[in-house]
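The values are calculated or read from the model by the stated rules, or taken from the named source; none is laboratory data. Nothing here was measured: the structure is a model prediction, and the numbers come from that model. Cβ placement follows ideal geometry from the backbone for every residue including glycine, while neighbour counts extend to all protein chains displayed.
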């Protein structure tokens, strides 16, 4: 009877040690996976920061180009108004005169 109890007790101890060993190996495996995920996450964060910085620079470049384009448009508007004033003095409109001259011919 004591022999059977000893065998059962030894079997319980061996299975507990084996279970603890398997549990520790699973924890090590999970830890390795988590470390790999952490490295990948940090790389992703770094690349996202670089992307955001580039987008910010592109946005600033676009704003600068837009300012220059608006400046050019305003200059062209002023030039157009000056030309309009030169060619349309009083009731003289070069465009209308040309159309009327073609009709009368």
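Brief remarks on what is shown
- Any hit, region 13-26, residues being surrounded by 10 or more Cβ atoms within 10 Å (Cβ to Cβ), within 41 Å of the chain's Cα centre (by Cα), in a helix (DSSP H, G or I) and at pLDDT 90 or above: yes
- Annotation: residue 87 fulfils all but one of (1) in contact with a helix residue (DSSP H, G or I) (Cβ under 8 Å, 6 or more places away or on another chain); (2) modelled with pLDDT of 90 or more; the unmet one is (2).
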